[in-house]
Amino acid sequence: MKIASSMTDEALFKLIGGRLAQLRLTKNLTQEQLAEQAGLGLRTVQRLELGAAATQLSGLVRVCRVLGLVERFDTLIPEEVASPMAQLKQQGRKRRRANGKKAAEGKPKKWTWGEPA
């Protein structure tokens, strides 16, 4: 869904929160991991993802609305589009959890003959 200035604050909070949750899942982070890395409490991350009205976020939205910048939230927090392969794996289901394991960093070790796979 595209962000528009005609949306209510509550609708914006929910849309932004949902996009943040999808970006977190794409990076395979749990809410706990995100909270720790961002220096926030777990409950704060949960509330942001639910779109619960936070004083700071509502103030930001109000200022951006006055300045005509609401549509730019699409650029700041883009809607996550899954790759075609990820869409096939999901088969229409929306991802709801991260597994909590960090993605393998760096290049994989080159395999040579005689080593176990």
Check: Looking only at segment 1-45, which residues are modelled with pLDDT of 85 or more, assigned to a loop (DSSP other than H, G, I, E, B) and over 24 Å from Arg65 (Cβ atoms)?
Finding: Asn28, Leu29, Thr30
Notebook entry, point to check: Quick one: Gln37 ticks every box in (1) closer than 23 Å to Gln87 by Cβ; (2) loosely packed, with under 13 Cβ neighbours inside 10 Å bar one, so which box is it?
Noted result: (1)
Note to self: Contact list please: Cβ distance under 6 Å, first residue in segment 15-33 and on the phi > 0 side of the Ramachandran plot and buried (at least 17 other Cβ atoms within 10 Å of the Cβ), second residue at pLDDT 85 or above and part of a helix (DSSP H, G or I), pairs at least six apart or on different chains.
What the structure shows: none
Next item on the list: For segment 65-79, enumerate the residues that are part of a helix (DSSP H, G or I), β-branched (Val, Ile, Thr) and surrounded by 11 or more Cβ atoms within 10 Å (Cβ to Cβ).
Entry: Val70
Check: Quick check: anything in segment 81-103 under 22 Å from Glu10 (Cβ atoms), modelled with pLDDT of 80 or more and among the hydrophobic types (A, V, I, L, M, F, W, C)?
Finding: no
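The values are calculated or read from the model by the stated rules, or taken from the named source; none is laboratory data. Worth saying up front: this structure is predicted, and the values here are computed from it rather than measured. Positions of Cβ are generated from backbone atoms using ideal geometry, with glycine treated the same way; all protein chains shown enter the neighbour counts.
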